[in-house]
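First comes the structure, then the notes that go with it.
The values are calculated or read from the model by the stated rules, or taken from the named source; none is laboratory data. Keep in mind that this is a model prediction, so the values were computed, not measured. FYI the Cβ positions are ideal-geometry reconstructions off the backbone, even for glycines, and counts take in every protein chain you see.
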Amino acid sequence: MGKNLIQQRRGKGNPRYRSPSHRFPGLATYDNIPKGATSGIVTKIIDAPGKTLPLAEVDYNGTKVLHLPNQGISVGQTISMSSAEEGNIVTLKEIPEGTRIYNIELTPGDGGRLCRSSGTFAVVVAREEKKVVVLMPSKKKKEIPADCRATVGTTAGAGRIDKPFMKAGNKYHAMKALGKFTAKTSATNKNAVQHPFGGKNFGKHKTVSRNRPPGRKVGSLAPRRTGKK
């Protein structure tokens, strides 16, 4: 009897494939900042399972909000919305050219979408009347509405990938904390009972019908065309 495929086990909802969201401290978004607030004070820096960098808890007159911290942040630091200084949150139209920014909104009010992982930043390269041109880490230039918010500086946790994992076990535990499954075995390396591509006979067709049953629906699903372009 054949074994369930990994997508079948994942769809069943096994705890191995679930993200441990009950351990996550919360969302780091601009939407939680109280309306009318002009500044806040960093009260503590907390570990954040599920993220590649810590989170900073900022107090806005009694309202605690989570933020993505900048490199070199400290407890007691003031986060302001009025000047384009390191760690402050301002709109793109207030940021001079050549400034590093992160946690950038794509549309005004979405809370921040770009450059949110550890050690990343984008650079403001040009400004127009209603648009700001930003150089992304991929070297791609992106036009963003000038009313979108961003944080000045570089995200904390730079240099995280400089230290190698050294052992597969370290990689496993790091990915488990992020809620990701790692060390996936290739389908062609499995036994025939475990996957349609498994077994010693290579060269199986990967194009399958849209109506294939679960357990056989793997490969290129109902492709419009096959072969090389």
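So the values come out like this:
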quantity	calculated
Odd one out for Val125, checked against (1) of a type in the set (Val, Ile, Thr); (2) farther than 30 Å from Asp110 by Cβ; (3) in the same structural domain as Glu94 (by TED's automatic domain parsing)	(2)
Residues being touching a residue at least 60 places away in the same chain (Cβ under 8 Å) and in contact with a Ser or Thr (Cβ under 9 Å, 6 or more places away or on another chain) - total across the stretch 121-152	3
When residues of the stretch 20-39 are limited to those that are of a type in the set (Ser, Thr, Tyr) and in a helix (DSSP H, G or I), the one nearest to Tyr102 (Cα to Cα)	Tyr30
Hits in the stretch 171-207 (condition: closer than 18 Å to Arg10 by Cα, under 27 Å from the mean Cα position of the chain (by Cα) and surrounded by 11 or more Cβ atoms within 10 Å (Cβ to Cβ))	Tyr172, Met175, Lys176, Ala177, Leu178, Gly179, Lys180, Phe181, Thr182, Thr185
Complete set of residues in the stretch 153-167 that are in contact (Cβ under 8 Å) with a residue 24 or more places away in the chain, surrounded by fewer than 13 Cβ atoms within 10 Å (Cβ to Cβ) and assigned to a loop (DSSP other than H, G, I, E, B)	Gly159
Condition check for Leu66: part of a loop (DSSP other than H, G, I, E, B), of a type outside the set (Ser, Thr, Tyr), touching a residue at least 40 places away in the same chain (Cβ under 8 Å) and in the same structural domain as Ile45 (by TED's automatic domain parsing)	no
The stretch 98-124 - residue that is among the polar types (S, T, N, Q) and surrounded by fewer than 16 Cβ atoms within 10 Å (Cβ to Cβ) and, of those, nearest to the chain's Cα centre (by Cα)	Ser117
